[in-house]
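Before I ask anything, let me first share the structure, which is written out below as structure tokens.
The values are calculated or read from the model by the stated rules, or taken from the named source; none is laboratory data. None of these values were measured; they are calculated from a predicted model. The area values use the complete protein model at the heavy-atom level, side chains included, leaving out ligands, DNA and RNA. Shrake-Rupley method; radii C 1.70, N 1.55, O 1.52, S 1.80 Å.
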Amino acid sequence: MPAGTPTPEDHYVKRVTLPSGKTIEVVYFESARIESEDPALEQVPVRSARDIHICAECDSGLVYPVHWDEAGPENWRVALRCPNCEWNVTGIFSQDVVDDFDERLDEGTEHLVSDLKQLMHANMSEEIDRFVLALDAEALLPEDF
């Protein structure tokens, strides 16, 4: 094999599904592997790697990702932000940690949607009650519609 030619051990292939539904294969070469440019990125101040949803400054459980991108075959570089104290950090996390974080985000989304539905129902019930009272009091005129 000529010098400089990558061997099968020097690369890996990852299949990526695009929003259009098309699947592509991305080839990563070890020699061009994304490395952290800043050693501080590796040292993310969190209680444990599994608790990246908890703020290191104020203990809020509302930390969310601002940006993320791949950092090698099994790691992700994730920029995190706390909405309570404006704490920001960027770190490199394993796929397992990011999967757990993603599940936490999904749970949070489900809670928000549930709360929104309850609020919408309560608001609609109040509007219906006011409408019924207005009908009973004959306070509605054709011009109101």
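Please calculate the 1.4 Å probe accessible area of LEU112, with all protein chains present, and give it to the nearest 10 Å².
LEU112 exposes around 120 Å² with every protein chain in place.
Over all directions, how big on average is the projection of the convex hull of the alpha-carbon atoms in the range 86-145, in square nanometres?
Value for the range 86-145: 7.6 nm².
Quick check: residue separation of ALA137 and CYS85 times 0.36 nm, minus the Cα distance between them. What number comes out in nm?
Working: separation 52, 0.36 × 52 = 18.72 nm, distance 5.04 nm.
The span from ALA137 to CYS85 would gain 13.7 nm if fully extended.
As a test question: what accessible area, to the nearest 10 Å², does ARG130 have when a 1.4 Å probe is rolled over all protein chains in place?
In the full protein context, ARG130 sits at about 140 Å².
Taking the full set of protein chains and a 1.4 angstrom probe, give the accessible area of THR23 in square angstrom, rounded to the nearest 10.
Probe radius 1.4 Å; accessible area of THR23 about 80 Å².
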